[in-house]
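The values are calculated or read from the model by the stated rules, or taken from the named source; none is laboratory data. Given the structure is predicted, the values throughout are model-derived calculations rather than measurements. Because the Cβ atoms are built from the backbone with ideal geometry, glycine has one as well, and the counts that use them run over all protein chains shown. For the accessible areas, the whole protein counts, side chains as well, though only heavy atoms, and no ligand, DNA or RNA atoms are used. Shrake-Rupley method; radii C 1.70, N 1.55, O 1.52, S 1.80 Å.
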Amino acid sequence: MKYTNPHAALKTGQKRQTKPNQTPNNEGGYVFKLDSWKRLERFLILGSDAPTYYQDAKQLTVENGKAILECVALDAPRTASTIREISYGGRGFNNDAPLFALAMMIRSGGAGRRAAYSEFNNIVRTGSHMLALMNALKFLGNGWPRSLRSAVAGWYNGQDADRMAYQTIKYQSRFKWTQRDVLRMAHVKPTDAQHAALYKYIVKGEATEASPNLVGVYERIKKATSLNEVIRLIADHNLTWEFVPGQWLGYPEVWAALLPNLPLGAMIRNLGQMTASGLLAPLSDGTNTVLKKLSNLDALKKARIHPLGVLNAMRVYGSGGGIFSNKKWQTVPQITDMLEMAFYSSFEYVEPTGKRILWAQDVSGSMSTNTAGKLALSCCEAGTAMAMAFLRSEKTVKLTAFNEGIRELHIKRDMKLSDALRYTKNINYGGTDCAMPMIWAKDNRVAVDTFVVCTDNETHSGHTHAYQALEAYRQKTGIPAKLVVMGMTATPFTIANPDDGGMLDIVGMDTQVPALISSFARHDLGVALATLPQLPAPEEEVEA
C-alpha cells in the first residue's frame, strides 16, 4: 500500500500510543513524560500539597519524591543548585516544595547530602523555613545525623543574635514544631553570650540582661495591659503583627500603628483582618495608605510578591470572609480593584511579541481542582488569570476555551479579572482534548504563530494527538507554528513532543512564564532561555 499523505495515520485516537517515548496519563490518554529535571522544576514551583482530579496529595508527593532522587543520582550539585535557584528567586508561590526537596537530599545521604548542605543557608532563610524543613525531615524519617545537627547549628549561630531573635520570635511554631524543639534536637551550642542568652530564652523562657533587645520588647508587649502601651511599643520598635498578642489584633488602632511598617506581603494577607477591625473602610486614612502601598510598582517588585499570592488575596478579600476562619468583613471595592492592578504589576515587564498568538484554556472537569492546597483558586481560574495578564501585554491574541470541544473565550482587556474568573468557572466541565486548539485553527483558517495551551495534560478524548494536530496545522498553512504547554499540576505529563524544537513545556504560575512565552515566540528555545532576566532574592520573605 502506498502512503501519499504523510499524515494519513493521524486519526489514531489519544488512547493509542503513537511514539515509543509516550506514556499513559491518569485518564489513559497517551502523552509524553517529562524528564527528571523538568519534573523537578514543575514540583518546586507548583508543589504537591493539593490533590489533582486523579491523585491525592500524598500520592503526588511520593511520585515527585522519586523524581527528586532520580535527579540526585544523576547530578547532586545540579539538583541542589536548581532548588536554590527556584527558591531564592521566588519563582514558586511559597518555599515549602524547595524545602521538601532539600530534606529529601539530606535524607539521601552521600553526595546528595553534601550538595544539600552546600545550599542549606540559601534555601533555609527564615525561622519559618527552618520549621518547615524540620517537618519534612520528620516525615522522611531516619533521625538526626551529626552532619544535620552541624548544619542546623551553623544556621542559628551564623546569624547575629538580633536577627536570630527576630526570626525565632516572629516564627515561634509551625507544623507542630517550635524553635525550642529544633534547638534541643540539634544540640545547638551558642558561640557568644548574646546567642547563649537568646537560646536560654527560647528553651526556658528566661530573659536576662544579655538577651537581645527584641526579647525584652516582646516580653513587655506580652504583658501590656493598655491599648496605648501596645501602640507605643509597636511604634517605637517597628514591630510586625506576629509580635502582637492576639487579643489586641481586633483593635483598629493597633493595625493603624502596624500599617506604616507592615511588609507588603503581610499587608496583603491581612487585608480582611484590618477591614474586620474597622481600620479599612471607604475613604478612611487606612484605606488610603493601603491603596498607596499597592500602587507602588517599585515596592511590589522589590518585595517580590508572587502573582498567585496577590490573586489569592483578591479572591479571599473580595469574598468578604476568611477561607480558613469565620471572620467576616465588608469589602472595600477600591482595595479589590487595586489588588487586580497589583496582580498584573507583579509580573516582570514583558516585551510584546508582535506575533499571532492563540491562547487555549483547558476548561475540562479536571481543571476544577485547586492549583495549590493553600489557595482558593482552581487550576482553570489560575490559568484564566494568566491569560488576562498576557492579553494586556499583547495586541494580537485570540482566546479560546476547550474541553472535548472548543469555543471562543469572550474575555476583553478591560474586563474585571473577577468577572473573567467567574466566566471560565461557569464553563469548567467535561473531558479533555488538547488537540482541539490546533484542529480548530486549521479548520477555520486562523493564522497562528504560537499556540499556548494551559492544561493539566490529562488529555484523552480526541482522535488526534496534540503534536499530530500541530504538525497537520503547519503542513496545511505553511506557518512554522510553535506550541507552548503550560502545565498547571505537578504531574509528569506533557502534550509537548520533546523531540520537536518548536514545542516547549513550562510551569504555570512561575513568575517568569509571560517573559518566557514572549521570548520563545520571538526566538528559538536556546535564545529564549538565555535572555530570561535573572531574579534576585526577595527583599521580603513572604510566608504564604
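Summary of computed values
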read-out	value
Meets criteria (at pLDDT below 95 and either touching a Lys or Arg at 6+ places or on another chain (Cβ under 6 Å) or of a type in the set (Gly, Ala, Ser) (or both)) for Ile45	yes
Number of the condition not met by Gln167 [criteria: (1) out of contact with any Ser or Thr (no Cβ under 7 Å at 6 or more places or on another chain); (2) of a type outside the set (Gly, Ala, Ser); (3) touching a residue at least 24 places away in the same chain (Cβ under 8 Å)]	(1)
Criterion: surrounded by fewer than 21 Cβ atoms within 10 Å (Cβ to Cβ), touching a residue at least 40 places away in the same chain (Cβ under 8 Å), of a type in the set (Ser, Thr, Tyr) and assigned to a helix (DSSP H, G or I) - qualifying residue of Ser393, Ser418	Ser418
Out of Arg315, Arg304, Arg269, sole residue that is of a type outside the set (Gly, Ala, Ser) and on the phi > 0 side of the Ramachandran plot	Arg304
Filtered residues of region 306-322 (kept if closer than 17 Å to Leu262 by Cα, open to solvent by 10 Å² or more (accessible area, probe 1.4 Å) and in contact with a helix residue (DSSP H, G or I) (Cβ under 6 Å, 6 or more places away or on another chain))	Ala313
Checking His129 against (1) within 24 Å of the chain's Cα centre (by Cα); (2) surrounded by fewer than 22 Cβ atoms within 10 Å (Cβ to Cβ), the condition it does not meet	(2)
Candidates Leu102, Leu74 - the one that is open to solvent by less than 20 Å² (accessible area, probe 1.4 Å) and either under 22 Å from His306 (Cβ atoms) or not basic (Lys, Arg) (or both)	Leu102
Search result, residues across region 1-26 that are at pLDDT 90 or above and either open to solvent by 40 Å² or more (accessible area, probe 1.4 Å) or in contact with an Asp or Glu (Cβ under 6 Å, 6 or more places away or on another chain) (or both)	Lys15, Arg16, Gln17, Thr18, Lys19, Pro20, Asn21, Pro24, Asn25, Asn26
Qualifying residues in region 135-149 (those that are small (Gly, Ala, Ser) and within 27 Å of the chain's Cα centre (by Cα)) - the one surrounded by the fewest Cβ atoms within 10 Å (Cβ to Cβ)	Gly141
Selection status of Ala299, open to solvent by less than 30 Å² (accessible area, probe 1.4 Å) and in contact with a Leu (Cβ under 9 Å, 6 or more places away or on another chain)	no
Residue in region 54-67 that is open to solvent by less than 10 Å² (accessible area, probe 1.4 Å) and without any contact (Cβ under 8 Å) to a residue 40 or more places away in the chain present	yes
Leu34, sole failed condition from (1) more than 19 Å from the chain's Cα centre (by Cα); (2) under 30 Å from Ala153 (Cβ atoms)	(2)
Top-ranked residue in region 451-504 [being of a type in the set (Asp, Glu) and open to solvent by 10 Å² or more (accessible area, probe 1.4 Å); ranked as nearest to Trp37 (Cα to Cα)]	Asp499
Residues of region 150-171 classified as assigned to a loop (DSSP other than H, G, I, E, B) and either at positive phi or under 28 Å from the mean Cα position of the chain (by Cα) (or both), total	2
Filter result (modelled with pLDDT under 95 and of a type in the set (Ser, Thr, Tyr)) within region 174-200	Thr191
Leu399 being modelled with pLDDT of 90 or more and in contact with a Pro (Cβ under 9 Å, 6 or more places away or on another chain)	no
Failed criterion for Tyr473 (all others in (1) among the hydroxyl-bearing types (Ser, Thr, Tyr); (2) over 31 Å from the mean Cα position of the chain (by Cα); (3) in a loop (DSSP other than H, G, I, E, B) hold)	(3)
